[in-house]
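Written below as structure tokens is the structure these notes are about.
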Amino acid sequence: MHNKKNCYACKKPIRGEWESQIHLGLETGELKKDSPYKHFVFDKHIKCSPSRAQRIIHPKFHAVVDSRPQFDMRRGLHWTNEDREKWIKVYTEAWVRLQEKYNPNWITKPEELINLSNEQWLKELT
């Protein structure tokens, strides 16, 4: 029996919504929250769903290639440049929103971090 908290592909735990391909689908709008079909989808890590993961182009996301000819967005079979650009934008922005909403380790603005080794921040607070 499949544990719903584990990835259907690699069997390792999905730590949170920020790693979930179902939550990514909800964020992109491809899955609807009230859809009856959502109960038939086994969750996977985003990276374990290469057809989706290949569309995320971000420095903090390890690039994924879907080498299956029917899904590989690098090939011209079903993809136009306009489609590639559209879906890269949709998926990358959705992935970033998942990180911002749910990932406790995600830092959106590094300049907001306080350097604890520098006592200047303490002087500015007083």
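Being of a type outside the set (Phe, Trp, Tyr) and more than 21 Å from Ala94 (Cα to Cα) is the filter here; which residues of segment 6-55 pass it?
If the condition is that a residue be of a type outside the set (Phe, Trp, Tyr) and more than 21 Å from Ala94 (Cα to Cα), then Asn6, Ala9, Cys10, Lys11, Lys12, Pro13, Pro36, His39 are the ones that fit.
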Quick one: is Glu82 at pLDDT below 95 and either touching a Phe, Trp or Tyr at 6+ places or on another chain (Cβ under 8 Å) or not in a loop (DSSP other than H, G, I, E, B) (or both)?
yes
Just to be sure, is Cys48 buried (at least 20 other Cβ atoms within 10 Å of the Cβ), at pLDDT 95 or above and out of contact with any Gly (no Cβ under 8 Å at 6 or more places or on another chain)?
no
Condition set touching a residue at least 12 places away in the same chain (Cβ under 8 Å) and among the basic types (Lys, Arg), scope segment 1-24, selection farthest from Met73 (Cα to Cα): answer is Lys4
Go through (1) surrounded by 10 or more Cβ atoms within 10 Å (Cβ to Cβ); (2) at pLDDT below 90 and name the single condition Thr126 misses.
(1)
Check whether at least one residue in segment 25-45 is part of a loop (DSSP other than H, G, I, E, B), under 12 Å from the mean Cα position of the chain (by Cα) and in contact (Cβ under 8 Å) with a residue 40 or more places away in the chain, and report yes or no.
no
Search segment 70-94 for residues that are farther than 15 Å from Thr28 by Cβ and free of Cβ contacts under 8 Å to residues at least 24 places away in the same chain and pair each with any residue that is among the small types (Gly, Ala, Ser) and part of a helix (DSSP H, G or I) when their beta-carbon atoms are under 6 Å apart and the residues are at least 6 apart or on different chains.
Phe71/Ser51
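The values are calculated or read from the model by the stated rules, or taken from the named source; none is laboratory data. This one's a predicted model, so the numbers in the text were calculated from it and none came from an experiment. All Cβ positions, glycine included, derive from the backbone under ideal geometry; neighbour counts span all protein chains shown.
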